[in-house]
């Protein structure tokens, strides 16, 4: 497993990651892309602990996601099963585990200020930190997707599951989107990737 992980994380991070994964009852599995999550952590009935990470993540997002999930495991071991999934115990553990990686040998220098700010109070998902998420996506392979914030007001876009929406106004940090078929209103993070549909020509 350790040899496999070396394909997914920055080279300089490998020794420290291997040290974190020294537990016999902790297993890491690489999964195909899941649209709703980058990774997850579960404790199994046999007392084994399983972490899964999406295989399509770039090296930097993969490392952040892996440490995020290891922090769940470590927080469980330190504080017990009744803590909140992303409560203060997990936040403290995530901060502590991530600190040794926050240096220019592991991350590009342009990411370090954004990471330092994010880890003052880490969120349940790095995607909720719009500036960090957008910066991380610059290291993804090129694709034909558009960010929600780039979609013109009133134009239609399609999600990965085929549902089509018309973009509305921005509310504080998120954008409105009205589903074309149902008329229901939804809110989207600005960095959500969508397919911009052909712009209708005005008369």
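The values are calculated or read from the model by the stated rules, or taken from the named source; none is laboratory data. Owing to the predicted nature of the structure, the values given are computational and were not obtained by experimental measurement. Neighbour counts run over all protein chains shown; Cβ positions are idealised from the backbone, glycine included.
Of the residues 15, 45, only one is assigned by TED's automatic domain parsing to the domain that holds residue 99 and either part of a helix (DSSP H, G or I) or closer than 25 Å to residue 134 by Cα (or both); which?
15
Within the stretch 19-30, track down each residue that is under 17 Å from residue 62 (Cβ atoms) and either surrounded by fewer than 14 Cβ atoms within 10 Å (Cβ to Cβ) or out of contact with any strand residue (DSSP E or B) (no Cβ under 7 Å at 6 or more places or on another chain) (or both).
Once the filter is applied, which keeps residues that are under 17 Å from residue 62 (Cβ atoms) and either surrounded by fewer than 14 Cβ atoms within 10 Å (Cβ to Cβ) or out of contact with any strand residue (DSSP E or B) (no Cβ under 7 Å at 6 or more places or on another chain) (or both), the stretch 19-30 yields 20, 29.
If I ask for residues that are assigned to a helix (DSSP H, G or I) and at pLDDT 95 or above, which ones from the stretch 118-138 would you list? Let's see the steps before the verdict.
At the first step, the residues of the stretch 118-138 found to be assigned to a helix (DSSP H, G or I) are 118, 126-128, 130-137.
Within the stretch 118-138, just 118 meets the criteria.
Tally up the residues in the stretch 31-42 that are in contact with a strand residue (DSSP E or B) (Cβ under 7 Å, 6 or more places away or on another chain), without any contact (Cβ under 8 Å) to a residue 60 or more places away in the chain and assigned to a loop (DSSP other than H, G, I, E, B), please.
Total meeting the criteria: 2.
With modelled with pLDDT under 90, more than 20 Å from the chain's Cα centre (by Cα) and not assigned by TED's automatic domain parsing to the domain that holds residue 35 as the only criterion, which of 163, 172 stands out?
172
I'd like the full set of residues that are surrounded by 12 or more Cβ atoms within 10 Å (Cβ to Cβ) and more than 21 Å from residue 61 (Cβ to Cβ), limited to the stretch 155-173.
Across the stretch 155-173, the qualifying residues are 155, 156, 157, 158, 163, 164, 165, 166, 167, 168, 170.
Filter the stretch 175-197 down to the residues that are at pLDDT below 95 and not in a strand (DSSP E or B), then identify the one that is nearest to residue 33 (Cα to Cα).
The extreme case among them is 192.
Of these, 133, 124, which one is within 17 Å of the chain's Cα centre (by Cα) and more than 23 Å from residue 12 (Cα to Cα)?
Numbers: 133 fails: more than 23 Å from residue 12 (Cα to Cα).
Testing whether each residue is within 17 Å of the chain's Cα centre (by Cα) and more than 23 Å from residue 12 (Cα to Cα) leaves just 124.
Can you find even one residue in the stretch 105-117 that is touching a residue at least 60 places away in the same chain (Cβ under 8 Å), in the same structural domain as residue 9 (by TED's automatic domain parsing) and either at positive phi or not in a loop (DSSP other than H, G, I, E, B) (or both)?
Scanning the stretch 105-117 turns up no residue that is touching a residue at least 60 places away in the same chain (Cβ under 8 Å), in the same structural domain as residue 9 (by TED's automatic domain parsing) and either at positive phi or not in a loop (DSSP other than H, G, I, E, B) (or both).
Residue 104 fails exactly one of the following numbered conditions: (1) closer than 28 Å to residue 85 by Cβ; (2) modelled with pLDDT of 95 or more. What is the number of that condition?
(1) is the only condition that residue 104 fails.
In the stretch 59-99, which residues are surrounded by fewer than 15 Cβ atoms within 10 Å (Cβ to Cβ) and assigned to a loop (DSSP other than H, G, I, E, B)?
Listed by number, the residues that qualify are 80, 81, 82, 84, 85, 87.
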